[in-house]
Amino acid sequence: MRAKVIAELEKGKFTGKNLAAALLLRGQPQGELFGLARRARSLAFPSGTVEVRSVIEVSNICRQRCRFCNINRLPNAEKYLLDRGRLLRIAAHLYRKNRRVLLLQSGENNSKAYIELVSKCVADVKKTFSGLTVILSMGSLGFAQYRQLRRAGADRYILKFETSNPAFYKKIKPDDSLRKRLRCIGFLTKLGFEVGSGNIIGLPGQTVNDIVNDLRLVGRLGLTMGSSSVFVPGEGSVYFNRPMGDLDLTLNYMALMRMLYPRLLIPTTSALEKAGKNGQFRGLMAGANTVTVHDGTPPGIKRHFPIYSLDRFTPDEKHIRAIVARAKLSL
Ligand code: SF4
């Protein structure tokens, strides 16, 4: 017999109570939840294709000191910044490998020189390679800076809201505020970016109610891309000694996000694999339709971008092909 909450969700009854109950499902009812999410995905994306993004970690220079992150907190960590020539060579290499979506990621650096560098790189890449989508993820910036990046040709921007709870946001990102973050998301939308955002699940002090509210917030932001990261206690971060986020809770959140907002591009992140065996494959089974491949950052530099862990899982092409085939999807 179907669990009551599954029957309710199937009828479109996404009440707070049902969402909270669904987040905690395990075993067979969880499998049924994933089945509903896959059904929503195949109605919204009948082709069954998965978007592949190559990530280039452009720089680890960051002005924030988020408590869950170890960037800026590891002693003797080297700061780096890829230059324009190197970035273009990496893009050319990825393009030859048939990548058509590049994600340029970095810490939050609002210096004029940095924004100019990235703008020039984006313009170079867009001019040189046809049919390439460029996604940026560089944190909270000013309206004029986003406009400069947009005018350079950037197509999309990912700016996570992290949590929908303002007090909790202040706790995990002491030098920032949720209000400012949401204002930046508004800037991006106004400038015509396709915008992505999302939360982190499993941060110390987060409640199920916070997570339900995160799901609601996603619906108010008019996003193209929605994501959820599982919290991984990175070495050197304030939360290093805290437990890893719950993989199943994160997967259930992804499934509910798919059901509530079927058209979203939802990534199955590499952190899921770190949180549990087959995590990334299970992300596809929970309704994700995007995978990121960490083949854009030069190998010698990867260790200087330790977001979430020095020992992070960076999926390669073989792994991606295997999980996509196993999920009966295509690239
Ligand atoms: S999470 Fe992002 S913004 Fe925060 S410290 Fe790490 S790199 Fe910087």
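List of remarks:
- Between the amide H of residue 293 and those of 53, 54, 55, distances stay under 5 Å, these residues lying 5 or more places away or on another chain, with hydrogens modeled in the peptide plane.
- Rg and Dmax of the range 69-158, Cα atoms only, in Å: 13.6, 42
- Over every Cα atom in the range 104-214, the radius of gyration and the widest Cα-Cα span, Dmax, amount to 15.2, 47 Å.
- Cysteines not pairable in the chain (beta carbon separation under 4.7 Å absent): 62, 121, 184
- Here the label points at residue 45 and residue 326, each 7 Å from Cα along the C-beta direction, are separated by 1.8 nm in the simple model.
- Using the Karplus relation 6.51 cos²θ - 1.76 cosθ + 1.60 with θ = phi - 60°, the per-residue 3J(HN,Hα) values for the range 167-174 come to 5, 5, 4, 4, 5, 8, 10, x Hz, with x marking Gly and Pro.
- When the range 1-80 is reduced to its Cα atoms, the Kirkwood hydrodynamic radius in Å: 16.8 Å
- Ranked for footprinting exposure by Cβ neighbours inside 10 Å, fewest first, 169, 80 give 80, 169.
- Of 79/180; 97/318; 79/120, those spanning more than 24 Å from alpha-carbon to alpha-carbon: 79/180
- Ratio Rg/Rh, restricted to the range 181-331 and using Cα atoms, in which Rh is the Kirkwood radius: 0.96
- The ranking of 184, 62 by Cβ neighbour count inside 10 Å, starting from the fewest, reads 62, 184.
- Over the chain, equivalent-ellipsoid semi-axes from the Cα gyration tensor in Å: 30, 22, 19
- Under-5 Å amide H pairs with residue 201, H placed in peptide plane, nonlocal only: 229, 230, 231
Every number in this text was worked out from the coordinates using simple rules, so none of it is lab data. None of the values given here were measured: they were computed from a predicted structure. Cβ atoms come from the backbone with ideal geometry, glycine included; neighbour counts cover every protein chain shown.
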